Amino acid sequence: MSEISERYRRLSAAFTERVVAVPEDRWDSPSPCEEWTARDVVGHMRDGSGTFFANIGRELPPGPSIAEDPVGTWTTVREAMQGALDDPDVAGTEYESPLMGRQRFDVGVDQFVNFDVLVHTWDLARAAGLDERLDEAEVHRTFERILPADEMLRSPRVCGPKLDPPPGADEQTRFLAFLGRRA
């Protein structure tokens, strides 16, 4: 297995822990993502993953409806993505990215999907009142990687304006503030 596949496995496991822990009465709670509920966060993860499959001429397998079974929806997405990343032929499939040019499926997933899984783990936890702690090493790695993309992150429908973290804030709080989230 590749480093990217293992990273997805770890990050998606943390997201899965939150998904299965969401109380039934919290799926429609607002998330830190403007106009999104906890259920919408999972739907976004499905849609984003589906885009990467479409980039290489594939589709996500059909799964349960997000309205009826958000846990089942996420499980279907996670298993499909993990299977694709674990398969060297699929992981190495190249496609043309409008933002990044020619790149491999696994590299695109690492740049975008893994970022989304990490950030939306916090968003889902916040919406559902769950544990908001993120993996410290992944927060550090991701924060360092996205700092140069500051301008692109401020594009419409990506991240909000940067916020000032409180004095003495830990790295997770600074990371979230950089992404426009108030921890």
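Condition check ((1) modelled with pLDDT of 95 or more; (2) in contact with a Lys or Arg (Cβ under 9 Å, 6 or more places away or on another chain); (3) closer than 23 Å to residue 4 by Cα; (4) of a type in the set (A, V, I, L, M, F, W, C)) across all residues:
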residue: 121; (1), (2), (3), (4): yes, yes, yes, no
residue: 126; (1), (2), (3), (4): yes, yes, no, no
residue: 129; (1), (2), (3), (4): yes, yes, no, no
residue: 156; (1), (2), (3), (4): no, no, no, no
residue: 172; (1), (2), (3), (4): yes, yes, yes, no
residue: 180; (1), (2), (3), (4): no, yes, no, no
For region 137-183, the count of residues that are touching a Pro at 6+ places or on another chain (Cβ under 6 Å) and open to solvent by 80 Å² or more (accessible area, probe 1.4 Å) equals 1
Go through (1) touching a Leu at 6+ places or on another chain (Cβ under 7 Å); (2) part of a loop (DSSP other than H, G, I, E, B); (3) at pLDDT 90 or above; (4) open to solvent by 30 Å² or more (accessible area, probe 1.4 Å) one by one and return the number of the condition residue 134 breaks. (4)
Search region 162-183 for residues that are more than 17 Å from residue 145 (Cβ to Cβ) and pair each with any residue that is part of a helix (DSSP H, G or I) when their beta-carbon atoms are under 6 Å apart and the residues are at least 6 apart or on different chains. 163/177; 165/173; 165/174; 165/177; 183/173; 183/176
Looking for something among the basic types (Lys, Arg), under 27 Å from residue 139 (Cβ atoms) and open to solvent by less than 20 Å² (accessible area, probe 1.4 Å) - is there at least one such residue anywhere in region 21-28? no
Any idea which of (1) of a type outside the set (Asp, Glu); (2) free of Cβ contacts under 8 Å to residues at least 60 places away in the same chain; (3) buried (at least 17 other Cβ atoms within 10 Å of the Cβ); (4) not in a loop (DSSP other than H, G, I, E, B) is the one residue 13 doesn't satisfy? (3)
Could you tell me which numbered condition residue 117 fails, if it satisfies all but one of (1) within 30 Å of residue 147 (Cβ to Cβ); (2) of a type outside the set (Gly, Ala, Ser); (3) without any contact (Cβ under 8 Å) to a residue 60 or more places away in the chain? (3)
Here is a check on your reading of the model: is residue 142 among the hydroxyl-bearing types (Ser, Thr, Tyr), assigned to a helix (DSSP H, G or I), in contact with a Lys or Arg (Cβ under 8 Å, 6 or more places away or on another chain) and within 28 Å of residue 39 (Cβ to Cβ)? no
Scan region 91-104 for residues that are closer than 29 Å to residue 39 by Cα and surrounded by 13 or more Cβ atoms within 10 Å (Cβ to Cβ) and jot them down. 91, 97
Counted residues, region 120-131 - those being within 16 Å of residue 9 (Cβ to Cβ) and surrounded by fewer than 22 Cβ atoms within 10 Å (Cβ to Cβ): 0
Taking region 30-49 and keeping only residues that are assigned to a helix (DSSP H, G or I), buried (at least 16 other Cβ atoms within 10 Å of the Cβ) and not β-branched (Val, Ile, Thr), one is left with 38, 39, 40, 43, 44, 45, 46, 48, 49
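Could you list, in sequence order, the residues of region 56-85 that are open to solvent by 60 Å² or more (accessible area, probe 1.4 Å) and in a helix (DSSP H, G or I)?
79
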Would you point out which residue out of 117, 107 is open to solvent by less than 40 Å² (accessible area, probe 1.4 Å) and of a type in the set (Val, Ile, Thr)? 117
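The values are calculated or read from the model by the stated rules, or taken from the named source; none is laboratory data. As the structure is a prediction and not an experimental result, all values here were calculated from the model. Neighbour counts are summed over all protein chains in view; Cβ atoms, including those assigned to glycine, are modelled from backbone coordinates with ideal geometry. Surface accessibility is based on the protein's heavy atoms, side chains included, excluding ligands, DNA and RNA. Shrake-Rupley method; radii C 1.70, N 1.55, O 1.52, S 1.80 Å.
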